[in-house]
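Structure first, commentary second.
What follows is calculated from the coordinates using simple rules that are stated; it is not laboratory data. Here the structure is a predicted model, which means the values were calculated and not measured. Positions of Cβ are backbone-derived with ideal geometry, glycine not excepted, and every protein chain shown enters the neighbour counts.
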Amino acid sequence: MSQKQNTPLSLGSASIGKLLMQYSIPAIIASVATSLYNIIDSIFIGQGVGPMAIAGLAITFPLMNLVIAFCVFIAAGGATISSIYLGQKDLIRAKSVLNIVFWLGLMHSIVFGGLSLIFLDEILYFFGATTETIPYAREFMRIILYGSPISYLFVVLNNMLRATGYPQKAMFTALLTVLINLILAPIFIFVLKWGIAGAAFATICGQFVALLWMMIHFSSTKSFVSFNRSKLFTFSVSVLKKIYAIGLSPFLMNVCACIVVIFINKALLDTGGVDGNFAVGAFGIVNRTGMLFVMIVFGVTQGMQPILGFNYGAKQWQRVKKTLKIGVIVGVIITTLGFVVAEFFPQQISRLFTTDSTLINMSINGFRISFICYSVVGAQVVIQNFFQSIGKPNISIFLSLTRQLIFLIPTLLIFPHLFGLNGVWISLSVSDFMAFAVAAVTMFIIVKREDRIFKIL
């Protein structure tokens with residue numbers, strides 16, 4: 001194999017299908033791995049601690065989304081900018097991005113983690129915690145927040161690995177976290193009796209080991225992109241602006257997810273009556289399962305990102321369009337599989353998390369209603385991330401807001417009043433379809449406009 005093929009430069013010449021397989025499969029495995037250790041934690045917590053712990057864990061979702069939001073703010077922007085610079089054959093700037101995102105990740109984690117720890121109880125009550133669920137939520141989040149520097153740098157460097165031509169290494173680091181979590185979580189929860197805190201400890205331990213491995217990689221001059229030691233503390237204002245501009249879309253998406261979960265938790269507590277905490281727990285089960293398939297689609301988009309960024313930077317528009325088309329098709333196939341699983345096997349899925357009959361029945365109902373329009377979610381996610389990958393953050397931001405905020409909040413204010421608890425699940429399904437429709441129309445309009453622009457060039 002030639003040197004060209006061993007570097008990201010092959011992104012501009014190799015077969016699109018081959019490149020998507022090369023980059024997306026490792027990214028999918030890595031994304032599934034990330035989702036799996038969340039599911040594993042939920043299963044161990046549900047079976048080893050109890051149904052109220054599941055509800056407590058669900059209360060942490062908004063805060064976890066905020067943790068992720070500040071991670072991807074840097075990670076997504078840094079990965080996209082690196083890919084574009086590599087497409088422009090500017091290796092020096094690509095290295096400078098690596099330096100910048102490392103320090104940004106560290107600073108963001110310290111500020112966010114510290115402030116969240118100080119006001120943790122107030123935050124959790126605001127997110128829907130009750131006297132029954134807050135002990136579990138507090139215990140879990142305290143450990144996660146203490147470990148936030150590890151989590152932030154893990155996410156940032158994992159994205160940089162993929163963007164700089166090492167998708168397999170990015171995959172293995174993610175798998176490593178899952179393996180360690182799978183080993184340590186049952187020991188901490190069942191053997192050492194650490195309860196829900198044990199799941200959090202296992203997560204941080206897995207990320208720490210993987211982080212050490214990535215630090216060794218990026219410290220080596222043999223890596224295609226490595227830390228620029230001579231300019232380790234040098235910040236480029238223009239690069240900073242680009243990172244934040246592009247990272248703003250996934251950041252807002254996760255912030256919106258946080259806001260939405262607050263509304264969902266409130267609606268579930270209001271309409272669930274005496275079983276309100278169980279309704280929140282049911283949402284936790286449904287959400288964890290749905291996120292598994294969304295994370296697979298995110299894996300596809302992460303694999304697409306370096307291909308899209310490189311070819312857009314190299315002005316190879318036809319390769320960009322082909323990548324988008326294949327991505328949309330694959331995304332729909334994945335979320336259609338999620339629809340089939342949720343509609344036909346809701347009881348089996350629910351029993352993995354709990355033995356409580358009330359929680360199981362609520363979860364089954366949630367699966368069957370909220371997943372009705374789930375097939376189109378894959379297309380919406382791919383289209384949204386497409387605009388982010390080619391450096392058009394404003395469009396991506398708009399599309400992320402449609403699914404998470406613009407459509408879902410109004411439906412959550414309307415349907416629960418009409419249909420009670422079922423109205424919460426209906427809201428999720430309706431907003432999914434409406435967001436897809438807007439994304440599809442936007443894609444066709446912008447692609448046609450870019451067609452005209454690239455014909456002129």
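Considering region 186-317, its Cα convex hull presents a mean projected area of 13.3 nm². Just so you know, the Cα atoms of region 170-227 work out to an Rg and Dmax of 14.3, 45 Å. For region 84-130, the spread of Cα coordinates along the three principal axes comes to 54, 18, 7 Å, biggest extent given first. Per residue, the average separation of C-alpha pairs within less than 8 Å and at least 6 apart gives region 19-456 a relative contact order of 24 percent.
Taken over the alpha carbons of region 301-378 as equal point scatterers, the Debye sum produces base-10 log I(q)/I(0) values at 0.17, 0.26 Å⁻¹ of -0.70, -1.07. Mind running the shape call on region 183-264? Use the C-alpha gyration tensor, a ≥ b ≥ c as the square roots of the eigenvalues: rounded below 1.5 for a/c, prolate if a/b tops b/c, oblate otherwise. Note, shape of region 183-264 comes out oblate.
Angle of helix 408-419 to the longest C-alpha principal axis of the chain, folded into 0 to 90 degrees and rounded to 10: 20°. With r as the distance between the Cβ atoms of residue 191 and residue 15 and R0 = 45 Å, compute the FRET efficiency 1/(1 + (r/R0)^6) and round to 0.05. So the FRET efficiency works out to roughly 0.35. For residue 168 and residue 361, the difference between the fully extended length at 0.36 nm per residue and the C-alpha to C-alpha distance is 65.4 nm.
Mean residue ellipticity, 222 nm, helices only, the chain: the sum of -39500 (n - 2.57) across DSSP H runs of n ≥ 4, divided by residue count and rounded to 500, is -28000 deg cm²/dmol. Rg and Dmax, both from the Cα atoms of region 40-124 and both in Å, are 18.1, 54. Taking every alpha-carbon pair in region 115-200 and binning the separations at 10 Å intervals from zero gives 16, 34, 31, 17, 2 percent.
Give me the log10 of I(q) over I(0) for the chain at q = 0.09, 0.11 Å⁻¹, as the Debye formula computes it from C-alpha points; what are the numbers? The calculated log intensity ratios at q = 0.09, 0.11 Å⁻¹ are -0.55, -0.84.
Tell me, how many Å apart are the Cα centres for region 413-446 and for region 59-76? Each part reduced to its Cα centre gives a spacing of 23 Å.
Taken over the alpha carbons of region 247-293 as equal point scatterers, the Debye sum produces base-10 log I(q)/I(0) values at 0.14 Å⁻¹ of -0.40.
Only Cα pairs under 8 Å and 6+ residues apart enter the sum, and on that basis the relative contact order of region 338-457 stands at 27 percent. Centre-to-centre, using Cα atoms only, region 241-272 and region 379-409 are separated by 13 Å. Sorting 86, 413 from the fewest to the most surrounding beta carbons within 10 angstrom yields 413, 86.
For residue 131 and residue 236, a Förster radius of 45 Å and the Cβ-Cβ distance give a FRET efficiency of 0.35, rounded to the nearest 0.05.
Taking other Cβ atoms within 10 Å as a rough exposure proxy, 93, 319 sort from fewest to most as 93, 319. Fully extending the segment from residue 414 to residue 446 would add 8.3 nm, taking 0.36 nm per residue of separation and subtracting the current Cα-Cα distance. Residue order for 450, 132, fewest other beta carbons within 10 angstrom first, comes to 132, 450. Alpha-carbon geometry of region 57-207: the Rg and the Dmax are 17.2, 57 Å, given in that order. With R₀ set to 45 Å, the beta-carbon distance separating residue 226 from residue 329 gives a calculated FRET efficiency near 0.80. Among 216-226, 104-114, 169-179, sorting by the average number of other beta carbon atoms lying within 10 angstrom of each residue, highest first, gives 169-179, 104-114, 216-226.
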